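Q: Sharing a structure here in structure tokens format.
The values are calculated or read from the model by the stated rules, or taken from the named source; none is laboratory data. This one's a predicted model, so the numbers in the text were calculated from it and none came from an experiment. FYI the Cβ positions are ideal-geometry reconstructions off the backbone, even for glycines, and counts take in every protein chain you see. All accessible areas refer to the heavy atoms of the entire protein, side chains included, with ligands and DNA or RNA removed. Shrake-Rupley method; radii C 1.70, N 1.55, O 1.52, S 1.80 Å.
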Amino acid sequence: MKVVALVSGGKDSCYAMMKAIHYGHQIVALANLMPLDDSVDELDSYMYQTVGHQIIVSYAECMGLPLFRRRIQGSSRHQELGYKATQGDEVEDLFILLREVKRQIPSVGAVSSGAIASDYQRLRVESVCSRLGLVSLAYLWKQDQSLLLQEMITNGIVAVTVKVAAMGLDPAKHLGKELAFLNAYLHKLKELYGINVCGEGGEYETLTLDCPLFSNAHIVLDEYQVVMHSSDSIAPVGILHPLAFHLENKADVQYLKSQEKIHEIYTQNLGSVFEVQDSLEGCETTCKPVGYRAGPADSIEHTFNISRTNNTGTFSICCWLQDSCNAGLQEDLKIVLGKIESKLSGLGFGWENVLYIHLYIDDMNKFSEANETYVKFITQDKCPFGVPSRSTVEMPLVEMGLSRAYIEVLVADNKEKKVLHVQSISCWAPSCIGPYSQATLHKGILHMAGQLGLDPPTMNLCKGGPGVELKQALENSEAVAKCFNCSISTSAIAFVIYCSKRISSLESLDIQEKQETILRQMKISHLQEGDTIRALDPLFLYVLVPDLPKRACVEVKPILYVEDGTDEEFETIAERSCSKPPPFYWGFKQENWHDSCIQKCVISGKICAIILSITSELVAKICFDSVPADYVNNDQYSIAKAHIEKISKFCIYLLDQIMTDNDFTWEDIMSLRFYIPVRLQMSVQLLQPMLCNALFELLEMSEKKFKSGEEPIFNIVPVIGAGRSASMDDVVTCELMARKS
């Protein structure tokens, strides 16, 4: 991509440019914001470094690139973490500046910035980029600061301190000193006082005088003055005010290389400086997302299938269209999203209450079309507390009698959620450019977006096959988990691993083996680091699907428990213990072989997660040793309706027993899914009444006090295959998540 680089003069913005070039991008322009008054060194800004701004003008000549500058008119008016366009805010100066760059150089597609740890700054750059249709590149984001500082020095960043404001840093001694000189001392201060060695806590600021990108010249600081802002005895604050500097030219051959890289820019603009003035349009020209508007087709009455769990605090709603009439994916998705929106509104909620969205579509070739429709409903404006996390997979929907789009949303009755939504491309983890986030934390459960094996800085799938993709997907998941002070190796309640049908059975087994190995290695690493957190034994569910985004082989969806500091009892074993014999329903009674069906993870009084696997070997036992399956050609087989009814009742019976044994009820269920392979040749229209009847009969037999309601409390998810192992050959697989409200 063609990139405009935000430059403050500091080491971070310069090194971010170098990283952008390393990952194949091309810097075509520089952009800088400076004080309204030239005599002012530093503004009271939450966004911009301005110390040393007098020297930034020379960057254009040093790099042979056009420099666009704007004087900062606004102030920090919108101080909340998430940013909305606010007239008079200093962020609008950045918007006006970058809009002018894009006008003059239309090929610009991305913005580079040096953000390392500040969510405040990153979110504002992302907001401006979103409004202008640009991609944010933040290649220093979340990098280890000690390693990063050493990288900068090793890779030729020559920068001097122009501000110090931390315990142990003395303006008289440390201003004007090069990073290489201060490196060891900064690490000593980190050990003594916990400072950020890259200055991310405001400990110091720098001015880059030379770097490999300065192909024409480097800067020589001839004379400066130390200006004291505070003489505090513990952490004095001082600023370096430049008085005189000059440029020393470099070899002409480097200049020619620079020209080749920016051949599309007019030669007369090389090294030019443009000051961007006020615009009459102001911030009224912000690009606002196009909202959904009803069309003529919306007046048609449709028949929907709706399911909803009964948890009063966090519940799932699922919707698909019963009378699709083959209208196409976009039309089906628009109707289904509209129905979900209407359902939420009827409950007094909106998209801002949604924590997670499962988007199932029938054709991954139409993924971009699905996204076009999706973003008309779920927008950042509608979700001021953060957009929901999301996973998207292709499922064999039409083969099971569903519409081309199938939506499941997890809804909270409050807005107490913490959302991680990083839209910048970085080395940290894959970006989420659009209205879906990497992860959402709500009441101790971290709902993570489906993770592909994407190389974060390039956003390309890793080459090398399913095992390599899985490893990268788990590393990406771990990077997200670390932002919430947890690990997928110790805090995971469950993993759902979606596998593409393109992978072989041997590759599937390799995925399972690698998953176990990688998590074990991560856990050992945590123990070696002295981590004393008790580890959960996660549940595993493998799901075979027709296709995944980007033609990926694997997509990993972790669900984590984030401890709140209180002592919990963890139970992650398969065996069940109870003080009295369990009830006797439909002729079923507790058997030793039942344990082979069950994976569970229970956090006493809080969370109960269950994966129930019914294999073909167990079907005969459930159906009392009758022969249930009639095999036909092409590995397809059908099971008699009577036997499917028996299996349905057994699943309900066993789920009830596990929940009862652990003091959970059907009212506590957040989500309940039955994964049904299409090879059973059973339509959803046939399966749903069986499960509904089984629940109703249980309600009558057990006298349990839960609502049956008109809507099912479960979702039926059609798959090619599913199971607790990578063979994915279960006849029926149940996934249940319950939480006390």
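Q: Can you flag which of Lys142/Lys188; Lys102/Lys471; Lys102/Lys550; Lys523/Lys606 are past 32 Å Cα-Cα?
A: Lys102/Lys471, as the Cα separations exceed 32 Å there.
Q: Is the shape of region 396-438 best called rounded, prolate or oblate, per the rule: a/c under 1.5 gives rounded, else a/b larger than b/c gives prolate, else oblate, with a ≥ b ≥ c the square roots of the Cα gyration tensor eigenvalues?
A: Cα axes put region 396-438 in the oblate bin.
Q: Taking only DSSP H segments of four or more residues, each worth -39500 (n - 2.57), what value at 222 nm results for the chain once the sum is divided by all its residues, to the nearest 500 deg cm²/dmol?
A: So the helix-based figure for the chain works out to -9000 deg cm²/dmol.
Q: Right, here's the next one. Please work out whether region 40-137 counts as rounded, prolate or oblate from its C-alpha gyration tensor, where a ≥ b ≥ c are the square roots of the eigenvalues and a/c under 1.5 means rounded, while otherwise a/b larger than b/c means prolate and anything else oblate?
A: It comes out oblate by the Cα gyration axes.
Q: For the chain, with the dipole built from +1 on Lys and Arg beta-carbon atoms and -1 on Asp and Glu ones, taken about the Cα centre, which of Ile340, Met670, Ala16 lies farthest toward the positive end?
A: Farthest towards the positive pole: Ile340.
Q: Place the peptides 366-374, 334-342 in order of packing, highest mean first, counting for every residue the other Cβ atoms within 10 Å and averaging per peptide.
A: 334-342, 366-374
Q: I would also like to ask the following. Counting residues in region 450-523 as N, plug N into 2.2 N^0.38 Å and put the Cα Rg over that result.
A: Rounded to two decimals, the normalised Rg is 1.09.
Q: Students often get this wrong, so check it: of Lys2/Lys250; Lys343/Lys649; Lys11/Lys84; Lys418/Lys443; Lys382/Lys417, which have C-alpha atoms separated by over 18 Å?
A: Pairs exceeding the cut-off: Lys2/Lys250; Lys343/Lys649; Lys11/Lys84.
Q: Continuing with this model, one more query. With a 1.4 Å probe and every protein chain kept in, tell me what percent of the accessible surface of the chain is carbon plus sulfur.
A: Reported share for carbon and sulfur atoms: 50 percent.
Q: So if I take the centroid of the Cα atoms in region 1-44 and the same for region 478-550, what is the distance between those two points in Å?
A: That distance is 38 Å.
Q: Which of rounded, prolate, oblate describes region 324-449, given a ≥ b ≥ c as roots of the alpha-carbon gyration tensor eigenvalues and a/c under 1.5 marking rounded, otherwise prolate only if a/b is larger than b/c?
A: oblate
Q: About its Cα centre, how strong a charge dipole does the chain have in debye, to the nearest 20, once Lys and Arg get +1 and Asp and Glu get -1 at the Cβ?
A: Dipole of the chain, to the nearest 20 debye: 680 debye.
Q: Roll a 1.4 Å probe over the protein chains and send me the accessible area per residue for the chain in Å².
A: Here the residues of the chain average 41 Å² of exposed surface.
Q: Could you tell me what percent of the DSSP beta bridges with both partners in the chain are antiparallel, to the nearest 5?
A: 70
Q: Candidates [x] 44.5, 141; [y] 29.3, 94; [z] 40.2, 154; which is the computed Rg and Dmax of the Cα atoms in Å?
A: [y]
Q: Roughly how big is region 471-562's charge dipole about its Cα centre, with Cβ charges of +1 (Lys, Arg) and -1 (Asp, Glu), in debye to the nearest 20?
A: Taking the Cα centre of region 471-562 as origin, the dipole is about 220 debye.
Q: If you count, for each residue, the other Cβ atoms within 10 Å and average over each peptide, how do 654-667, 130-143 line up from highest to lowest?
A: Averaged packing, sorted descending, gives the order 130-143, 654-667.
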